[in-house]
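Everything on this sheet refers to the single structure shown next.
None of the figures in this text is laboratory data; all of them are computed from the coordinates on show. Note that this is a predicted model, so its numbers are computed, not measured. Using ideal geometry, Cβ is built from the backbone for each residue, glycine included, and neighbour counts are taken over all protein chains shown.
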Amino acid sequence: MRKTKIISTIFGILIIISCKQNVEKKAELKTENPIEKGTESKLDTLNADDYNVLFFHPTESEFNELIKENGEDSGIYEVDSDFGFYASKVYDSITKTDLKIKNVTERIIKYSTENGIKYLDRLKNKEHPYGIIFNKINCEPKIEFGIMTDIGIYQELTEYNKNCR
């Protein structure tokens with residue numbers, strides 16, 4: 001029993017480290033407009049401009065697909081648990097401020113940039129099902145993929161706000 005806990009802890013740490021490395025590698029985003037005429041009601045879309053921090057993650061059915069694709073021993077349960085744990089800690093503290101925060105599972109996340117409206121279609125970024133968007137009016141949004149600890153999230157938010165004027 002004790003050996004299993006040690007192995008699980010080591011495995012969890014390795015997942016967090018590998019996810020942090022994924023965060024540091026900027027993903028190539030698919031930003032074309034995925035919404036064709038007449039399909040607006042078929043795709044759930046969220047406007048990121050209404051929020052300062054968005055935690056995006058798979059829906060329950062998407063999570064179940066990840067388990068089918070990667071296997072139950074892939075570590076996806078730990079990744080999901082860690083993401084939920086740290087997002088919850090940050091969510092609880094940020095809701096006490098004037099920042100707007102939300103956990104989202106909408107497929108399409110629409111956001112404004114200096115070059116116009118862009119879209120993040122979560123299903124077209126399969127290698128990055130978890131992440132955070134930092135956003136502020138008149139600033140480019142910052143999209144981070146993977147799992148971060150609450151301390152890492154606070155550091156990224158502080159740095160983003162410091163550089164966004």
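Would you mind getting the Kirkwood hydrodynamic radius of segment 54-165 from its Cα pairs, rounded to one decimal in Å? Walk me through the intermediate numbers first.
Working: mean 1/r = 0.0668 Å⁻¹.
Mean inverse Cα-Cα distance, inverted, gives 15.0 Å.
So for 133, 117, 94, 147, fewest C-beta neighbours within 10 Å to most, what's the order?
Result, fewest neighbours first: 117, 94, 133, 147.
Given R₀ = 22 Å, what would the calculated FRET efficiency be for residue 96 paired with residue 49, taking r from the Cβ atoms and rounding to 0.05?
Once rounded, the FRET efficiency stands at 0.45.
Can you tell me what share of the DSSP beta bridges in segment 46-158 is antiparallel? A percent to the nearest 5 is fine.
Details: 14 of 20 bridges.
In segment 46-158, approximately 70 percent of DSSP beta bridges are antiparallel ones.
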